[in-house]
Amino acid sequence: MYPRVVINKTKLKENTEIIVNKAKAKDIHIFVVTKVHSADINLARICLEAGVSAVADSRIQNLIKLKELPCEKILLRLPMLSEVEDVVKFADISFNSELETIEALNQAAMNQGIKHRIVVMFDLGDLREGFLPEDVDQVMPLILKNEWIKVEGIGVNLTCYGGVIPTPDNLSELTALANHIEKTYNLTLNIVSGGNSSSLYLLDGDSLPNRINNLRIGEGIVLGREAAYGEQIPGTHDDAFILEAQIVEYKFKNSVPRGLIGMDAFGNKPIFEDQGMIQRGIVAIGRQDVDHTNLIPVDERLKILGASSDHMILDFTLAKSDYKVGDILSFKMEYGAMLKLFTSEYVEKVIL
Ligand SMILES: *Cc1c(COP(=O)(O)O)cnc(C)c1O
């Protein structure tokens, strides 16, 4: 069946091992973030075998899929008030930044007779989730009033909304907060979580503050890439995940449409460059399954021209005589493409 994503188990395992070992050398444990592949349990298992300490995901439905794995489950996205019962039931730890939600989790935890652990998030500038650091002494006493909640640690998320890069400076703010909280409130923080794949580049130097002992890694594991500067991590593979799609039309046609140009299927007015006649081909996949701007043809002679809901059009001119209808094309992918491919029920997933 096509289209399909083919996952190379060995490459995924090697990517994971390289990152886990780099982190271990700095006393940092890794949560593998599974949301990019919709929490495929077999892929999560491979990462566990390679040494990650737990699985983490944004969606409680995904943690439910992983419930039989012999490890802790961490909910990364702030819980919705409407899901606190499930969060207590299916997540060992959740990330939080709202008192009201922590109180609702406390109530749910009491109802179920299970103590719920949380990581308190601080916003160090990226402007996604987190309490502001200057509010720490206002919120901590109120959080600690919740008897069924245990503060397991603190964390920060960067480079997701604001594009702010983790640095020794902003991460020392996190470790200063950790020290302050431990001293002032007489508790031990087991987790000081210093970010996502954008923090990986700091593992190379000596610049990651000592007190940080956890990172949550998605992209770094699946694509072998650190996310601050987009560099490939030495030794890792960027092709552990390959998309395969089949050619359904292969014709010599004009490079510019003929007729009065209105809007394309997505309401944009397309612009074309006249290159005369070119060898064009259509593969059976589209925007319903993937963001085509995040795909890279393995054959570098091919160029993706565009896509509608379920057709993707390529320029084959430089490789004209090497392809025909029915052939399978392979593509490497960026994070955004992978996210969508795994969400599409029309795309088969095969682990080899
Ligand atoms: C998605 C997510 C991650 C993982 O991000 P990557 O860049 O894929 O490593 C880590 N932490 C949080 C809170 C997330 O939402």
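The values are calculated or read from the model by the stated rules, or taken from the named source; none is laboratory data. Bear in mind that the values here come from a model prediction, so they are computed numbers and not experimental data. A quick note on method: Cβ atoms are made from the backbone with ideal geometry, for glycine too, and the neighbour counts reach across all protein chains shown. Just the protein is used for accessible areas: all its heavy atoms, side chains included, with ligands, DNA and RNA removed. Shrake-Rupley method; radii C 1.70, N 1.55, O 1.52, S 1.80 Å.
Of all DSSP beta bridges located in the chain, what percent are antiparallel, nearest 5?
Around 45 percent of the beta bridges assigned by DSSP in the chain are antiparallel ones.
Quick one: pull the percent of accessible area on the chain belonging to carbon and sulfur, 1.4 Å probe, ligands and nucleic acids left out.
50 percent
In square angstrom, rounded to the nearest 10, how much accessible surface does E219 have for a 1.4 Å probe?
Its heavy atoms expose roughly 40 Å² to the probe.
Express in nm, to one decimal, how much length is gained between I261 and K115 on full extension, taking 0.36 nm for each residue of separation and deducting their alpha carbon distance.
Here the segment from I261 to K115 would lengthen by 46.4 nm.
Quick one: check the C-alpha center-to-center distance for the stretch 258-306 versus the stretch 8-22, whole angstrom.
The distance from the Cα centre of the stretch 258-306 to that of the stretch 8-22 comes to 34 Å.
Using the Cβ atoms and a cut-off under 13 Å, what net charge is assigned to the surroundings of H180, where Lys and Arg are +1 and Asp and Glu are -1?
My count for the surroundings of H180 gives -3.
With all protein chains present, calculate the accessible area of C71 using a 1.4 Å probe and round the result to the nearest 10 Å².
20 Å²
Given points 7 Å out from each Cα along the Cα-Cβ axis, report the N186 to I296 separation in nanometres with one decimal.
The two pseudo-label positions are separated by 5.5 nm.
For the stretch 168-284, what size does the Cα cloud have along each of its three principal axes, sorted from largest down, in whole Å?
Result, largest extent first: 73, 34, 23 Å.
Ordered by packing density, taken as the mean number of other Cβ atoms within 10 Å over each peptide's residues, highest first, how do 308-314, 77-83 rank?
308-314, 77-83
What order do D57, D315 take when sorted by accessible area (1.4 Å probe), most exposed first?
Largest to smallest exposure gives the sequence D315, D57.
Using just the helices of the chain, give the 222 nm mean residue ellipticity in deg cm²/dmol: DSSP H runs with n ≥ 4 each add -39,500 (n - 2.57), and the total is spread over all residues, rounded to 500.
Rounded to the nearest 500, the figure is -8000 deg cm²/dmol.
With each pseudo-label sitting 7 Å past Cα toward Cβ, what's the M80-K320 distance in nm, one decimal?
Using points 7 Å along Cα→Cβ, the separation is 5.4 nm.
Which length gain, in nm to one decimal place, applies between E68 and D137 when the Cα-Cα distance is subtracted from 0.36 nm times their residue separation?
Roughly 21.0 nm would be gained on extension.
Run the 1.4 Å probe and let me know the accessible area of K9, rounded to the nearest 10 Å².
110 Å²
What accessible area per residue, rounded to a whole number of Å², is obtained for the chain using a probe radius of 1.4 Å?
Result: 47 Å² of accessible area for each residue.
Please determine, in degrees from 0 to 90 and to the nearest 10, the orientation of helix 168-185 with respect to the longest principal axis defined by the Cα atoms of the chain, where the helix direction is its Cα long axis.
30 degrees
Using the alpha carbons of the chain, what is the convex hull volume per residue in cubic angstrom, as a whole number?
Working: hull volume 54.7 nm³, N = 352.
With only Cα atoms used, the chain gives 155 Å³ per residue.
Taking the Cα centre as origin and putting +1 on Lys and Arg beta-carbons and -1 on Asp and Glu beta-carbons, what dipole magnitude results for the chain, to the nearest 20 debye? Don't skip to the end; give the middle numbers.
Values: 37 positive and 49 negative charges, 183 e Å.
Approximately 880 debye in magnitude.
Taking the 0 to 90 degree range and rounding to the nearest ten, how far is the long axis of helix 99-112 tilted relative to the main principal axis of the chain, both from C-alpha atoms?
Once rounded, the angle reads 80 degrees.
Using a 1.4 angstrom probe with every protein chain in place, what is the largest-first accessible-area order of S207, S94?
Per-residue accessible area, sorted high to low, gives S207, S94.
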